[in-house]
Structure formats: structure tokens, C-alpha cells
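Beneath this line is the structure, given in C-alpha cells, with notes to follow.
The values are calculated or read from the model by the stated rules, or taken from the named source; none is laboratory data. As the structure is a prediction and not an experimental result, all values here were calculated from the model. Heads up, the Cβs are rebuilt from the backbone with ideal geometry, glycines too, and the neighbour counts pull from every protein chain shown.
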Amino acid sequence: MTDLLSSLNEYQKQAVTTDNSAVLVLAGAGSGKTRVLIHRIAWCCQQGVMPHQFLALTFTNKAAAEMKVRIENLLPGFASNIWIGTFHGIAYRLLKMHWKQANLSQNFQIIDTDDQTQLIKRLVKEAKLSDDTDAKSIQWQINHYKDEGLRADYIESGFQDDPNVLLIYKRYEQLCQRSGLVDFAELLLRSLELFRQNPDLVAHYQDRFQHILVDEFQDTNSIQYAWIKLITGNNLFIVGDDDQSIYSWRGAKIENLTTFQSDFPQHEIIRLEQNYRSTNTILSAANAVIKFNQQRLGKDLWCEGAEGDLITVFKAMNEKDEAIYTIKEIKKLCSHGVSNRDIAILYRSNALSRNFEELLVSNGIAYRIYGGLRFFERAEIKDVLAYLKLIHNSDDDSSYIRIVNKPTRGIGQKAQSVVHELANEQSISLWEASVKVCEQGLLKAKAKSSLVNFIQLINDFKAMTESDSFSNLTNSIIEKTGLQAMHEKEHSEKAIMRIENIKEFLVAVKQFDSEHQQTDAVVEDFLSKVSLDAGVNGETSEQDSVNLMTLHSAKGLEFSYVFICGLEQGLFPHINSIMDNQLEEERRLFYVGMTRAKEKLHLTHACSRQRFGGRPTLQKASQFIEEIPSQYVISEKSHQQHFARTQYYEQKPKYKSIKSASAFELGQRVLHKKFGEGIILDHEGEGDRARVQVHFDAEGSKWLAVAYAKLETL
DNA sequence: GAAGGGTGTCTTTTT
DNA sequence: GACACCCTTC
């Protein structure tokens with residue numbers, strides 16, 4: 001037992017061994033919170049608690065997987081019996097086990113955000129609402145309601161709200177129920193309702209789970225909190241950091257941290273403030289910044305480490321200059337023996353990755369972009385999945401719509417609308433309606449035979465699930481439906497990628513197949529796995545690459561060298577957040593970014609930036625830079641030589657305006673008769689139409705036609 | 001039913 | 001600038 005505790009500091013030890021039945025561990029960035037969680041489980045095990053008496057909840061599959069591995073290392077053989085999973089994963093598990101009490105069909109399916117959008121779009125269209133009704137915004141509102149635990153019926157009787165939203169919400173609920181579909185918010189809401197309506201179940205699980213542990217508690221939403229509160233019968237151990245709450249926009253309630261304190265009056269709070277990650281400089285700077293937030297539980301990180309380097313703030317002329325600087329610094333680091341994988345470029349929005357990508361490629365630096373489209377979200381994969389889903393559950397309207405005419409098989413708009421009408425009329429699924437439409441001869445001969453063939457195709461596949469393996473089934477789908485041929489016909493680069501993705505998908509299927517038996521059950525397991533764990537975006541190759549990602553996805557990670565770019569007012573903090581009064585959350589996001597760095601932090605911003613392909617606009621430095629006390633910062637400015645067309649940046653052809661504009665380099669100082677001295681920020685066009693953007697010291701920024709402006713170089 | 005043109009949008013993201 | 005979406009046209 002002493003072994004188990006010997007690697008912990010005093011506060012970690014206190015958290016791990018406490019007897020209190022309600023514990024809140026306020027764990028700062030890099031203070032070893034996962035360590036505390038797994039040691040807590042191990043310690044309780046040593047006190048005689050059985051593995052099945054734990055429930056450990058995380059937000060991401062990655063976090064759950066890491067916990068499993070680390071527990072397995074600490075207590076070989078125990079991890080497999082502990083319920084460790086994401087909230088959604090555990091909710092799914094419960095709903096599958098108690099599907100009847102949850103009022104679901106046994107073969108219900110999970111739909112992702114994209115499927116949900118498509119369904120709602122269809123409902124909006126069919127409801128023939130006024131044209132200013134935006135499906136995406138309705139979707140957002142529906143999910144928001146669900147996150148708060150509000151059903152359409154309840155809202156209808158209690159609230160004055162947009163009637164359109166309520167109408168669609170109601171129809172959407174009916175459609176999902178009829179089709180056996182459950183969206184992500186529904187997983188949580190349904191399982192909460194399952195408990196609320198079945199006190200015997202609650203009693204059972206309360207008794208079973210002697211210890212409930214929750215990671216990243218600051219990210220829980222209302223439903224998740226209510227759910228936790230309901231099934232906690234014995235010990236609740238939560239770990240969180242209010243300063244790292246960055247998901248309020250998707251329903252996370254930072255207040256849950258204080259609600260917990262009043263709901264569990266016997267609670268104990270333990271603060272982990274010793275940081276084992278960053279240098280003192282980085283920590284002090286981060287502490288100083290986060291102090292600008294009013295709403296905090298309060299916490300001050302410290303470390304025993306060295307002071308470390310100052311934080312470099314680089315002021316670039318424009319986004320290209322910013323990228324040039326960053327890549328140059330990365331090259332410098334690499335030449336000093338730093339590995340690519342220890343370096344990260346973080347940004348507020350995905351669009352900013354582009355400038356860096358180009359330069360990384362042209363400089364031959366391996367890089368990896370996190371985020372973006374996940375493997376199972378790719379259209380070609382979703383097509384195959386839709387066939388599998390429809391075979392597994394014919395009432396799945398979402399999948400039906402996706403593939404009924406893909407590849408095209410003569411079931412066009414006309415035929416589909418006949419099916420849809422009948423389905424709506426009789427409140428049956430599209431699949432059932434299709435069968436009826438054929439039987440009742442509601443279609444012309446040609447369309448009818450197409451539809452009959454489609455039904456036959458799916459029925460043949462259904463028969464296969466009885467006799468054949470899952471991978472054979474999937475193989476046939478790809479061949480017999482013509483999906484493969486559809487992509488092969490198109491010889492574009494994208495189509496080749498798609499075929500490769502499908503092949504990769506088949507490999508995954510085979511792998512899964514070999515680990516399981518009975519086809520029908522395998523399909524179900526596979527589909528749920530795919531929905532709940534969309535997988536990283538394809539490439540699993542463990543290359544030594546520089547990491548590019550948004551600040552959001554960087555949470556929970558650490559890197560020796562971190563570059564945070566685009567630190568400009570309107571970009572970070574983002575304009576929408578400024579307007580929505582969400583500045584504190586933006587500041588927390590910045591805090592998360594800063595505390596990712598172990599050795600050295602670089603912050604960059606550009607004076608001018610081209611966004612949305614439009615005109616470059618002048619950018620003001622982010623207020624967050626100002627908030628860092630100056631003793632931790634060293635400022636650098638762009639030097640003109642950065643703009644020389646060096647190896648660092650290969651000009652795109654369109655910037656090689658041959659005649660006029662080429663006389664001016666970006667960043668060059670010029671003189672104008674009327675406006676005085678200024679500096680060139682950007683240029684566009686060629687020949688007579690060439691224009692340059694000049695930022696005049698006295699007059700501000702202007703676009704001038706080179707042919708008329710008579711600029712002199714200085 | 002496919003292909004081409006015009007239009008509007010453009011935070012963050014896991015499940 | 002890029003992508004998704006809608007409409008028109010063949």
C-alpha cells in the first residue's frame with residue numbers, strides 16, 4: 001500500500017485516501033489529475049472494493065482508454081471489470097440493457113450530428129415553413145432543449161417559444177421514435193428518464209456502484225449532472241478545473257461545481273496546485289492572465305521547476321509573415337535536436353491551419369493535423385454504414401434516405417415523394433411505405449421495378465446476415481450495390497481516395513469480424529462502436545510530426561514547445577464570443593493553451609490578415625497578450641528580411657505580379673505625396689490593375705492603385 | 001438525373 | 001477562398 005502512495009504528493013495522497021463520500025478535486029493544469037483518479041480506484045480496490053462496484057465517467061474515448069490502460073498497469077486484471085466509459089457510452093450500455101423500460105426498440109441505432117441535420121432538413125422542408133427557417137438553427141435549439149432535459153411536449157405547455165421550432169422538434173421526436181433512432185443528446189436524456197421512471201433500477205445501480213468517479217467535471221451539462229446525482233448512492237469523487245471549462249457553448253455548466261457543493265453538504269474540496277508540467281515563467285504568466293476572470297473558485301498553480309525562457313510575443317506583418325516566423329523557429333528548434341512531436345501550433349479556428357500547412361510542406365517538415373473530418377464521418381464510409389444500418393434496422397429512415405438512390409438506380413424524386421407521402425399519411429417508416437407502394441401499384445412500371453429491385457437487394461443482404469460473415473456481407477454491399485463502381489467511374493483524385501478509404505474500412509471490418517461471431521450481433525456491435533467512437537482521422541502512422549490543432553482539441557495534451565497563433569482581437573478572443581459576453585470562456589481557452597507548454601511558449605499575431613478570401617483587414621493584437629505581465633514577455637517584431645522571397649515561403653504564382661507590384665515588397669516602407677510615409681501590407685492584381693495596401697503612419701490603411709499612386713520606396 | 005452556375009456562409013467539438 | 005446548397009438546363 002505504501003508503494004501505491006509513495007509516488008504522490010501530500011494533496012494527491014489526501015485525495016486518494018479520503019473517507020469522505022463526496023469529494024471535489026480541483027485539479028489545475030498539469031497537476032496530475034488522471035494520476036489521482038486511477039490511484040483512487042487502486043486504493044479503494046486495496047480496501048476491498050470490487051472492480052464491478054466502480055463507475056468511472058469521462059468525456060472522450062481517449063480519456064477512457066488511457067484510464068483503462070493505466071489502471072491495468074497498476075492492477076493487472078482489474079480494468080476489464082470496471083465500468084469505465086464516456087457518458088454517452090455508459091448511457092448506451094444502459095439503454096441496450098433496459099431497452100424495454102426505456103421505450104426503445106431492441107435494435108435502435110445512434111445517429112450522428114450530420115444524420116440529425118439531414119433529418120431535420122427533411123422535416124423542415126416537408127412542413128413547408130417560411131423560407132427564413134434555417135434547419136441548422138432549429139437543430140441547434142432542439143439539442144439545446146434536450147441538453148436541458150426539455151421535451152417538446154413540456155415546452156409546449158410551459159413556454160412561449162418559436163412555434164416552428166416546437167413543431168419540428170415534436171415531429172423530429174416522433175420520427176426518431178418511429179425509426180428507432182437516438183441522437184447523442186437523446187442517449188443522455190433517455191437514460192436519465194429511464195432512471196426517473198424506474199426507481200427500482202436506480203436502487204439497483206446505487207447499490208452496485210459504491211464508487212462513482214467523474215473526470216473533467218466542469219464539462220458536465222445539466223442532464224449529466226442530474227444523472228450523476230440520481231445514481232449516486234454512496235461515494236462520489238469528481239475531478240475538475242473551473243479554469244479549464246471551455247465547452248459552455250455546448251451546454252456545459254460550470255455552475256455544476258458549485259451546485260455539487262450545495263447538493264452534497266458533507267463534501268470535501270481538495271486543491272491540486274502543484275504543476276509538474278511547465279516552467280515557472282509560463283505558469284506565472286498563465287496565473288496572471290486567468291486572474292482577470294471574475295468567476296473563479298480560485299487556485300494558484302506553482303511549480304518547483306526552473307524559471308525557464310521568457311514568452312516570445314511575435315508581431316507579424318500579416319498571416320504569411322506569421323507562418324514564416326513560426327516555421328523558422330521550428331526549424332531552429334529542430335536543428336537543436338528537438339523532435340517534431342514535441343512541437344505544437346495551436347489556433348482558435350481551423351481555417352488558420354492553412355498558412356502553416358503550405359509552409360510545412362514546402363519545407364519538408366512532417367506534420368499532423370488533428371480534428372477535421374473523422375474517418376467514419378467520410379461520405380463514402382457513411383454510405384456503406386447506411387446500408388449496414390438499414391439491413392440491421394429497416395425502419396431507419398435516415399439511412400434509407402441516404403442510400404435509396406445511391407448509386408442512382410432510378411428511384412428519383414418523384415418516386416421518393418410518393419413513398420414519403422404514404423409514410424407520413426400512415427405514420428410508418430419509409431421502408432414499410434416502399435413495400436406498400438409496390439404492392440398497391442402507386443408507381444409507374446419503370447419506377448416500380450426499380451423500387452422492387454431495391455427492396456429485393458436489401459432483403460438479400462438481410463438473408464446474408466443469417467448465414468454469412470460480417471465481412472462477407474460488407475464486401476457484397478460494396479460490390480452488389482455498385483458503390484465501388486460508382487467511385488471507380490469517376491477518375492478524380494478524390495475518388496481514388498474514397499476507394500482507398502473503403503478498402504481501409506473493409507480492413508477494419510475484417511479485424512472486427514475475426515474477434516466476434518454471429519453476424520447480426522457483430523453488425524450491431526460494430527455500428528454502435530462506430531457511432532460512439534468515430535476514430536481519429538484515418539492515418540495511424542506514428543511519424544515524428546509537428547502537431548497542429550485548435551486550442552479546444554489541445555486540452556489534456558502537453559508539448560515542450562507551443563506556438564499559439566492568430567492572437568488578434570476578433571479572432572481570439574473570437575468576435576462572436578466578445579458579442580455574446582463570453583470573454584471569460586475565451587480567456588480560459590487561452591489559459592488552456594498557455595498551460596500546454598512545458599518549456600517555451602510563443603505567441604504570434606499579425607497586423608493584417610486576409611480572411612474569407614476577401615480583402616486583408618487590419619488586426620489589433622489580442623487583449624490577452626496585454627494581460628500577461630511584461631516581465632514574462634520578450635517582444636519581437638517582423639524584420640524586413642522575412643519578406644524577402646527566401647526558402648521559407650514560395651510565392652504562389654498570382655503574387656508574382658510581374659510589372660508594377662513586384663517593385664514593392666511586403667513590409668517595405670514607402671512615401672506617398674499626400675499621405676506621407678507608410679508600410680506595404682499586401683498587394684493584388686497585375687499590370688495596370690495592380691493595387692497595394694499601404695498602412696500610412698498618419699492616415700491609416702488604404703488600398704491604392706499602383707499606376708496612379710506614385711509611391712516611392714524608402 | 002447529372003452537370004453547371006449562382007448564392008450564401010464562414011468558431012470552437014465530442015459524443 | 002472553399003464549400004455546401006439551390007436552381008436551372010440539357
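Has the stretch A:347-365 got at least one residue that is touching a strand residue (DSSP E or B) at 6+ places or on another chain (Cβ under 9 Å), polar (S, T, N, Q), part of a loop (DSSP other than H, G, I, E, B) and touching a residue at least 24 places away in the same chain (Cβ under 8 Å)? Looking for residues that are touching a strand residue (DSSP E or B) at 6+ places or on another chain (Cβ under 9 Å), polar (S, T, N, Q), part of a loop (DSSP other than H, G, I, E, B) and touching a residue at least 24 places away in the same chain (Cβ under 8 Å), one finds at least one in the stretch A:347-365, hence yes. Residue pairs whose Cβ atoms lie under 8 Å apart, separated by 6 or more positions or on different chains, with the first residue in the stretch A:595-613 and within 13 Å of A:Ile343 (Cα to Cα) and the second more than 16 Å from DNA strand B (Cβ to nearest atom) and of a type in the set (Asp, Glu), are A:Arg596/A:Glu558; A:Ala597/A:Glu558; A:Lys598/A:Glu558; A:Glu599/A:Asp309; A:Lys600/A:Asp309; A:His602/A:Glu329.
Between A:Arg374, A:Arg409, A:Arg368, the distinction of being within 16 Å of DNA strand C (Cβ to nearest atom) and more than 25 Å from A:Leu104 (Cα to Cα) belongs to A:Arg374 only. The set of residues in the stretch A:125-134 that are in a helix (DSSP H, G or I) and either without any contact (Cβ under 8 Å) to a residue 60 or more places away in the chain or away from DNA strand C (no atom under 13 Å from the Cβ) (or both) comprises A:Lys125, A:Ala127.
Applying the condition of being more than 16 Å from DNA strand C (Cβ to nearest atom) and without any contact (Cβ under 8 Å) to a residue 40 or more places away in the chain to the stretch A:614-635 and asking which residue is nearest to the chain's Cα centre (by Cα) yields A:Glu626. Applying a threshold of 8 Å to beta carbon distances and a minimum spacing of six or more residues, or different chains, the list of pairs starting in the stretch A:135-148 at a residue that is within 12 Å of A:Glu173 (Cα to Cα) and ending at one that is in a helix (DSSP H, G or I) and among the charged types (D, E, K, R) reads A:Lys146/A:Glu186. Of the strands (runs of 3 or more DSSP E) that lie entirely inside the stretch A:520-614, those containing 2 or more residues that are away from DNA strand B (no atom under 16 Å from the Cβ) span A:559-564, A:597-610.
When A:Arg271, A:Arg277 are checked against the criterion of being modelled with pLDDT under 95, touching a strand residue (DSSP E or B) at 6+ places or on another chain (Cβ under 7 Å) and either of a type in the set (Ser, Thr, Tyr) or assigned to a loop (DSSP other than H, G, I, E, B) (or both), a single residue qualifies: A:Arg277. Whether a residue is in contact with a helix residue (DSSP H, G or I) (Cβ under 9 Å, 6 or more places away or on another chain), on the phi > 0 side of the Ramachandran plot and not in a helix (DSSP H, G or I) was assessed, and A:Gly233 does not pass this test. For the stretch A:370-385, the set of residues classified as surrounded by 18 or more Cβ atoms within 10 Å (Cβ to Cβ), more than 11 Å from DNA strand B (Cβ to nearest atom) and hydrophobic (A, V, I, L, M, F, W, C) consists of A:Phe375, A:Ile381, A:Val384, A:Leu385, listed by residue number. Look at the stretch A:171-195: where a residue is acidic (Asp, Glu) and a partner is in a helix (DSSP H, G or I) and more than 16 Å from DNA strand C (Cβ to nearest atom), sitting 6+ places away or on another chain with Cβ atoms under 8 Å, you get A:Glu173/A:Ala152; A:Asp183/A:Asn143; A:Asp183/A:Lys146; A:Asp183/A:Cys176; A:Glu186/A:Lys146; A:Glu186/A:Cys176. Evaluate the stretch A:109-124: report whether one residue or more is of a type in the set (A, V, I, L, M), over 19 Å from the mean Cα position of the chain (by Cα), assigned to a helix (DSSP H, G or I) and within 14 Å of DNA strand B (Cβ to nearest atom). No: zero hits. Scanning the stretch A:408-430 for residues that are within 30 Å of A:Phe512 (Cα to Cα), in contact (Cβ under 8 Å) with a residue 40 or more places away in the chain and hydrophobic (A, V, I, L, M, F, W, C) turns up nothing. In summary, A:Leu94 fulfils each of the numbered conditions (1) under 21 Å from A:Leu187 (Cα atoms); (2) aliphatic (A, V, I, L, M); (3) touching a His at 6+ places or on another chain (Cβ under 8 Å) with the single exception of condition (3).
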